[in-house]
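Right, one structure below, let's go through it.
The values are calculated or read from the model by the stated rules, or taken from the named source; none is laboratory data. Quantities reported herein were computed from a predicted structural model and do not represent experimental measurements. Please note: Cβ atoms are built from the backbone with ideal geometry, for glycine as well, and neighbour counts cover all protein chains shown.
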Amino acid sequence: MTGNVDIQSGIRSLTLGDLLDDASSPAGVHTTPNTIHLGTSPYASGILPAVQFGAVNDYSLTADLKVASLAANSWVDVHATGEAISAPGMGSLHITGDLQASVTVNAATVPAAHAGALTSPVKSFVVGGDLLNSTVQIAGDVTSVSLGAMNHSNFIVGGKQSSGTPVIPAQRADFASIHTIGSFVITGAGQTATAADMVASTVAAAKFGSIVVNKPDTAPETGNFGFIAETIAKYSDPTKPTSLTNPGPGTYDQQGNYLVTVLAS
């Protein structure tokens, strides 16, 4: 299907097939994505919808209520229109292929409905292919993250913003709140343009349980990238013997511009 979707008063589940851009329009004509809006009401505030799509091209999703699960075969930015997914809470996200849309999970995105509310944990965040040209911002704990690859993207948990742009933490004070990513795995199953599975991308959270990363990019980049945390229980790269357990403040596993940074408390 094509066109916008506006559901104003809550929904228990939403299942659609492929959501496509206007195939008759040449690349560059679109300046904004199509939109899907999931509204709520006092009677629907306790309903957490399950949302499932096929292949998604040039669509943004805005939810005014917590989403139990969001799944799609892929979510691709065809016309460079800047797709975004936003919800005050999300139990899980599962994209079988590539994800090329920014994701924000923060209870403060709907202040009228969730004033002072804490963002509930995201239990599972899975992208089977590439997380590409995207920024993920989550204001709560994340139990597990699994990405096929990560290319020119950021994944920030509990971070601050400056003029709407997420701050890459350089010190503990750059975290707006202290949250944990239980496990973060880059499987190497994505299809990045290079042989590397993590390219010019940064992942930051105050605390990590475990990190497993395959083949970070060692080619020169314009700036450093990698993992930033205050504490990391365990870090490993299956392609080599590098393994860290509760490392102290400092930088580790530097390869080109890639490095793991543990901030001073």
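Selection of segment 130-161 for residues being closer than 22 Å to Thr218 by Cβ and either surrounded by fewer than 20 Cβ atoms within 10 Å (Cβ to Cβ) or not hydrophobic (A, V, I, L, M, F, W, C) (or both) yields Asp130, Asn133, Gly148, Asn151, His152, Ser153, Asn154.
In segment 131-157, the residues that are without any contact (Cβ under 8 Å) to a residue 60 or more places away in the chain reach residues that are of a type in the set (Asp, Glu) and assigned to a strand (DSSP E or B) with C-beta atoms within less than 6 angstrom, at least six apart or across chains, in these pairs: Ala149/Asp130; Asn151/Asp130.
Matching residues to (1) at pLDDT 85 or above; (2) over 20 Å from the mean Cα position of the chain (by Cα); (3) not aliphatic (A, V, I, L, M):
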residue	(1), (2), (3)
Val29	no, yes, no
Leu70	yes, no, no
Val76	yes, no, no
Pro88	yes, no, yes
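Only a single criterion out of (1) under 15 Å from Leu20 (Cα atoms); (2) crowded, with 24+ Cβ neighbours inside 10 Å is not satisfied by Val103, namely (1). Of all the residues in segment 91-110, those that are part of a loop (DSSP other than H, G, I, E, B), within 12 Å of the chain's Cα centre (by Cα) and among the aliphatic types (A, V, I, L, M) number 1. Hey, among the residues in segment 2-27 that are modelled with pLDDT under 70 and of a type in the set (Ser, Thr, Tyr), which one's nearest to Gly82 (Cα to Cα)? Looking at residues that are modelled with pLDDT under 70 and of a type in the set (Ser, Thr, Tyr), I get Ser25. From the residues in segment 137-169 that are in a loop (DSSP other than H, G, I, E, B) and closer than 19 Å to Ile211 by Cα, which one is farthest from the chain's Cα centre (by Cα)? Restricting to residues being in a loop (DSSP other than H, G, I, E, B) and closer than 19 Å to Ile211 by Cα, the top hit is Pro169.
Scanning segment 181-206 for residues that are surrounded by fewer than 23 Cβ atoms within 10 Å (Cβ to Cβ), modelled with pLDDT of 95 or more and farther than 14 Å from Thr261 by Cβ yields a total of 3. Regarding segment 230-240, can at least one residue be identified that is in contact with a Leu (Cβ under 7 Å, 6 or more places away or on another chain), of a type in the set (A, V, I, L, M, F, W, C) and buried (at least 21 other Cβ atoms within 10 Å of the Cβ)? Scanning segment 230-240, I find at least one residue that is in contact with a Leu (Cβ under 7 Å, 6 or more places away or on another chain), of a type in the set (A, V, I, L, M, F, W, C) and buried (at least 21 other Cβ atoms within 10 Å of the Cβ), so the answer is yes. Filtered by the rule that a residue be assigned to a strand (DSSP E or B), more than 20 Å from Ala139 (Cβ to Cβ) and touching a His at 6+ places or on another chain (Cβ under 9 Å), segment 170-207 gives a lone residue, Val199.
Is it fair to say Thr251 is surrounded by fewer than 17 Cβ atoms within 10 Å (Cβ to Cβ) and outside any loop (DSSP other than H, G, I, E, B)? For Thr251, the condition - surrounded by fewer than 17 Cβ atoms within 10 Å (Cβ to Cβ) and outside any loop (DSSP other than H, G, I, E, B) - is met.
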